[in-house]
Amino acid sequence: MTQHLSFSAALLVGGESKRMGKDKALLEFCGETLWQRQLSKLESLSIQTLYLSAKKVPSWATDKYAVVLDKDDGKFDKGPIGGLCTLLETMDTSHLVLLAVDMPFMTADFLSGRMKRVTIGCGWVVQMDGFYQPMGAIYPQETLFYIKESLSSKDYSFQSLMKKMVQVEKMVVEVCRPENRKFFANWNSPEQING
């Protein structure tokens, strides 16, 4: 295991977008698709490897990015936790920056600033209105144990997982400041885009 700070990043694109009615990655914002916008942000960070995390290989994916498919035994939809588990098993860095494709207002500057706050064995997460924000968080390799524990118990809730990781001091919590709330807004339905 690495004993110095090093970062991988992953764009989570695995949702089925049922409420949106179409692939959210292909929505356009400020003249570019969401997947292009988000990957551009992650590419600007000081990272070693950039992954796409998905249930299946996206139609728009190119050979430039390694696609990591969600951990799935075919019996249960493990959601984003399954994807996170596979990413942590795959990466060879100390930390993973995880961003969702449907968070268009997140900035590279915000993520870069938080990358400077992590330490070996400990990551970082925002808490907003009493809820942890698992997307836009930074996970240390050491959280893999707790993620596998959640998967084996069939508890696929990110909130209960994050609570446990905070309790064992694997994640540092930052209470979201009012001016930073916009970074964690995500698009789930057409009304949110047009609203």
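The values are calculated or read from the model by the stated rules, or taken from the named source; none is laboratory data. Computed from a predicted structure; not experimentally measured. Glycine also receives a Cβ, built like all others from the backbone with ideal geometry; neighbour counts cover every protein chain displayed. Ligands, DNA and RNA are excluded from the accessible area calculation, which covers all protein heavy atoms including side chains. Shrake-Rupley method; radii C 1.70, N 1.55, O 1.52, S 1.80 Å.
Observations on the structure shown:
- Each of Val166 and Arg117 was given a label point 7 Å from its Cα along the Cα-to-Cβ line. The distance between the two points is 1.3 nm.
- Protein accessible area in the chain, 1.4 Å probe - carbon and sulfur %: 50
- Charge dipole of segment 24-171 (Cα centre as origin; +1 on each Lys and Arg Cβ, -1 on each Asp and Glu Cβ, all else neutral): 180 debye, rounded to the nearest 20.
- Low-density loop positions, trypsin sites (Lys or Arg not before Pro), segment 90-142 - DSSP coil, at most 10 other Cβ in 10 Å: Lys116
- The residues of the chain expose on average 49 square angstrom of accessible surface per residue, using a 1.4 Å probe on protein heavy atoms.
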